[in-house]
Amino acid sequence: SSPVLGIVTEGDREAMNEVNAHIQIPASPHYTAAITSTVALQLFAYHVARLRGCPIDQPRNLAKSVTVE
């Protein structure tokens, strides 16, 4: 089976034991947890892309569109 990466709240040992690797985020109210998780995942994606040698500032399949009025 494939390894599982989990986004867990600091100190949540039960969740940490269920996954192969984890990223800890600080405890926060449920209405801000999505923002905290998004920042953590964006940083994760950035660092993985750098390790893979991907062009971070020029992603493939990015369509440029300019509207002139």
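The values are calculated or read from the model by the stated rules, or taken from the named source; none is laboratory data. Being a predicted model, the structure only gives us computed values, none of them experimental. Counting neighbours? That spans all protein chains shown, and the Cβs are built from the backbone with ideal geometry, glycine included.
A few points about this structure:
- Residue check, Asp57 surrounded by fewer than 10 Cβ atoms within 10 Å (Cβ to Cβ) and of a type outside the set (Lys, Arg): yes
- Here Leu41 meets the list (1) of a type outside the set (Lys, Arg); (2) without any contact (Cβ under 8 Å) to a residue 24 or more places away in the chain; (3) part of a helix (DSSP H, G or I) almost entirely, failing just condition (2).
- Here Leu51 fulfils each of the conditions (1) at pLDDT below 95; (2) of a type outside the set (Gly, Ala, Ser); (3) loosely packed, with under 10 Cβ neighbours inside 10 Å apart from (1).
- Pick from the range 9-31, criterion among the aliphatic types (A, V, I, L, M) and surrounded by 14 or more Cβ atoms within 10 Å (Cβ to Cβ), ranking: nearest to Leu41 (Cα to Cα): Ile23
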